[in-house]
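A short write-up of the structure that comes next.
Coordinate-derived values only; no laboratory data. Just so you know, these numbers come straight off a predicted model, no measurement behind them. Cβ placement follows ideal geometry from the backbone for every residue including glycine, while neighbour counts extend to all protein chains displayed.
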Amino acid sequence: MLTMPLLFSGPLYAADVVFTIDADQSGHAISPLIYGTNSGMLTAGTENPGFFRIGGNRFTGYNWENNFSSAGDDWNQVSDAYLVPDGADPSVPAIVLTDFIDHQAVDPARALVTLQMAGYVAADGNGSVSEGEQAPSERWKKVLPQKNTAISPTPDTSDAAVYMDELVSYLVDKYGTAEDGGVLAYSLDNEPGLWSKTHPRIHKEKITADELLSKSIALSSAIKSVDSSARVFGAAFYGFTGYQTLEGAEDWPSGQYRWFIDYYLDSLRQASAVRGERLLDVLDIHWYSEAKGDSRIVFEGDAVSAADRYARVQAPRTLWDEQYLENSWIAQYRSEFLPLLPQLQQSIDSYYSGTRLAITEYNFGGGNDISGGLAQADTLGIFGKYNVYAANLWVVDNKDEYQAAAFRLFRNYDGNNRTFGDTSLSAATSDNENTSVYSATDSASGDLHIIVLNKSFSDSVDGRFTINTDEHLYDGASAWAMTSAGTQIVSRGSFDITDNGFSYTLPAASGWHFVLTAADDADDSGDADSDDSGSGDSGSDDSGSDDSGSDDSGSGDSGSDDSGSDDSGSDDSGSDDSGSDDSGSGTDNGDSGADDADDTDTDPQPEPSPATPDDESEDSSGGSSGGALSLLLLSALLLRRRPEV
């Protein structure tokens with residue numbers, strides 16, 4: 001059925017964009033762990049995350065035996081019981097971790113637990129720690145990877161140290177090993193390159209490469225000695241300068257490697273060969289976008305000017321698009337390390353093949369703005385398309401309304417936890433600047449899923465969709481939308497498909513989830529019976545362009561295994577980076593949840609001017625289309641000059 005749009009229901013100009021899906025060329029399985037969050041974030045109950053991390057600055061100084069932790073530089077060097085959940089008994093060992101596993105992750109097989117390796121953890125909860133009380137002192141207990149005596153099911157709080165293998169054993173006793181459904185993975189602390197800034201009472205001096213490697217090898221070996229099936233994530237690099245130089249560490253052969261990540265991977269590979277088992281399963285980085293419009297798009301207030309919003313929706317292209325350079329100091333001075341994912345994968349393939357890739361903290365800002373929702377949806381699509389293994393959004397300043405909507409677009413579009421497909425397909429757009437498209441099949445139902453974004457804030461898009469397939473005939477589709485009108489994912493009804501193609505008008509600043517059913521399948525796509533005001537419809541052809549860089553095949557990298565994304569990492573020019581991290585466990589305490597303002601890149605580099613953004617007029621009405629337009633509308637379109645972008 002063809003549905004006529006309401007006359008002038010959206011902007012007068014609508015650009016034609018061709019979207020092409022290759023349905024017969026199934027790619028890799030999409031890891032459900034890419035739809036992850038951090039402790040205490042995205043807890044409304046409707047986002048359906050696939051992975052849960054408990055970590056952040058607070059966990060560097062967390063003592064699992066008594067549940068005290070240190071806020072460090074995030075909040076007046078305070079040691080306290082801040083991480084203990086309301087109503088939980090702080091005298092129960094590891095209650096912070098087990099409560100998180102039981103009530104947030106629910107399934108321990110979806111949990112990533114941060115372990116401690118900076119040297120010391122909080123001995124008490126007696127408030128601020130003075131400079132004179134920095135470790136070693138009675139305010140701290142030594143933390144060691146392995147206990148030389150028998151592991152006890154109940155830790156001895158009176159002894160001289162806190163042991164990490166004893167903690168892993170405690171969790172294995174409670175939940176089983178990873179291969180039996182217990183805790184999936186452990187992180188080798190958090191952002192070690194920043195310890196001297198975030199935790200000067202614990203680790204006053206900058207970390208060296210030798211210290212990071214020796215501690216990483218010792219802690220990973222301790223984990224594997226208790227649960228050889230658990231996955232080890234490391235080293236939670238905080239940002240670009242960490243990737244490049246480990247915050248200016250000088251004790252590594254920088255002339256032999258492109259950046260520090262290469263040396264880190266090569267060193268762990270060699271240590272694994274000596275031990276006879278893999279010591280690093282997942283390379284873990286953090287990524288807080290450095291892109292700028294009028295302001296940096298994350299950490300500098302709301303950053304929702306027209307230039308900020310344009311920069312934000314373009315910024316995820318830095319992860320994959322060789323034709324794009326964002327306005328940031330990284331793109332200006334280290335463009336040889338962009339796009340990020342292919343560069344990281346190149347490092348993995350070269351120095352520790354088979355290692356997977358995770359981004360366990362990231363944010364593109366604008367959490368309460370449609371631009372943040374579009375950037376988040378784009379990022380989730382990119383992670384799936386480029387075979388990233390795991391990823392966890394870190395919510396900044398408790399602003400996540402549209403970011404949460406983006407999760408629902410993928411993970412709960414119909415309100416019944418139906419999700420985007422699990423097997424990636426090649427999907428391409430003829431306009432990477434203004435649109436993005438991702439596709440996957442559902443291995444259980446056979447449904448074909450398409451997520452498409454209109455990233456223009458001024459123009460609607462007349463999308464022409466073609467499904468290339470010799471194996472399936474799709475005859476029906478259902479549509480759901482995220483728009484600037486609100487954060488709910490709204491059903492736009494169902495429509496017919498002719499010859500495996502359809503047309504659909506996508507209003508400005510909107511994200512769409514289409515579910516296509518094959519002719520011989522029962523309609524099990526969760527189809528909504530709402531009317532359709534934005535629905536488009538069938539019969540489109542397409543023919544055309546498939547698109548630059550869209551393909552899928554997993555990361556564009558050379559034969560990498562799975563792990564996912566690649567990235568080579570770039571270095572930086574010395575400043576540090578993302579840093580945002582945290583300090584709290586996600587519980588809302590006005591105290592230590594502050595971001596680390598000091599941890600952002602601060603080099604006063606000259607910056608290029610931002611690209612000219614689209615004018616910011618929004619349209620949330622979902623005009624629909626497919627075939628014939630009225631002569632009046634067609635005449636208006638032909639006479640209208642395309643706005644400059």
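Amide hydrogen proximity for residue 77: with H placed 1.01 Å from N in the peptide plane, the residues at 5 or more positions away or on another chain lying under 5 Å are 72.
Quick one, what does Rg over Rh come out to for the range 31-290 if you take C-alpha atoms and the Kirkwood Rh? Rounded to two decimals, Rg/Rh equals 0.94.
Residue 268: net charge of surrounding residues, Cβ under 14 Å, Lys/Arg +1, Asp/Glu -1, itself excluded?
+1
Across the range 195-203, rounded Karplus estimates of 3J(HN,Hα) from the backbone phi angles (6.51 cos²θ - 1.76 cosθ + 1.60, θ = phi - 60°) give 3, 5, 9, 7, 9, x, 7, 9, 9 Hz, Gly and Pro being marked x. Pairwise alpha-carbon distances in the range 403-485 exceed 21 Å for 33% of all pairs.
Rounded to the nearest whole angstrom, the semi-axes of the ellipsoid equivalent to the range 298-338, taken from the Cα gyration tensor as √(5λ), stand at 20, 11, 8, largest first. Summary of packing: across the peptides 92-105, 118-131, the per-residue average of other C-beta atoms within 10 Å ranks them, highest first, as 92-105, 118-131.
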